[in-house]
């Protein structure tokens with residue numbers, strides 16, 4: 001059996017749902033935004049999804065720095081570091097009736113997706 005990568009799980013195009021969730025084209029919950037973000041949430045969510053789908057960075061956010069701590073995404077803007085959300089999909093990766101992957105395999109896939117998000121947002 002082929003070893004799965006994040007591209008098998010988190011497939012473009014991504015789409016918003018309920019204003020705080022991001023789903024992949026294959027219906028995997030991929031990211032959840034914090035409700036109480038210190039930045040303009042609807043605007044940032046739209047920007048985030050656009051970037052994941054291959055859209056260009058805008059000048060307004062080009063100076064932001066993005067980091068992960070575990071599965072939580074933080075953005076540094078205007079000298080402040082703020083948590084904006086987290087990577088999802090653990091239940092799909094490890095669940096019975098879903099993929100049933102080991103914790104190690106699931107972590108590797110989520111880590112790949114985190115690396116992809118950072119690459120997209122920081123470049």
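Of everything listed in (1) surrounded by fewer than 15 Cβ atoms within 10 Å (Cβ to Cβ); (2) in a loop (DSSP other than H, G, I, E, B); (3) over 14 Å from the mean Cα position of the chain (by Cα), the single unmet condition for residue 81 is (2).
Of everything listed in (1) under 20 Å from residue 112 (Cβ atoms); (2) at pLDDT below 90, the single unmet condition for residue 28 is (2). Right, residue 97: out of contact with any strand residue (DSSP E or B) (no Cβ under 8 Å at 6 or more places or on another chain), closer than 19 Å to residue 10 by Cα and in contact (Cβ under 8 Å) with a residue 12 or more places away in the chain or not? Considered against the rule, which asks whether it is out of contact with any strand residue (DSSP E or B) (no Cβ under 8 Å at 6 or more places or on another chain), closer than 19 Å to residue 10 by Cα and in contact (Cβ under 8 Å) with a residue 12 or more places away in the chain, residue 97 comes out as no. Considering 86, 45, the condition of being touching a residue at least 24 places away in the same chain (Cβ under 8 Å), surrounded by 15 or more Cβ atoms within 10 Å (Cβ to Cβ) and not in a helix (DSSP H, G or I) is satisfied by 86 alone. The set of residues in segment 48-71 being touching a helix residue (DSSP H, G or I) at 6+ places or on another chain (Cβ under 8 Å), closer than 19 Å to residue 83 by Cα and part of a loop (DSSP other than H, G, I, E, B) consists of 61, 64, 71.
Which residues, taken from segment 10-19, are surrounded by 14 or more Cβ atoms within 10 Å (Cβ to Cβ) and in contact (Cβ under 8 Å) with a residue 40 or more places away in the chain? Scanning segment 10-19 gives a single hit, 10. Of the residues making up segment 20-42, not one is loosely packed, with under 11 Cβ neighbours inside 10 Å and within 21 Å of residue 108 (Cβ to Cβ).
The values are calculated or read from the model by the stated rules, or taken from the named source; none is laboratory data. Bear in mind the structure is a predicted one, so any value in this text is a computation, not a measurement. Please note: Cβ atoms are built from the backbone with ideal geometry, for glycine as well, and neighbour counts cover all protein chains shown.
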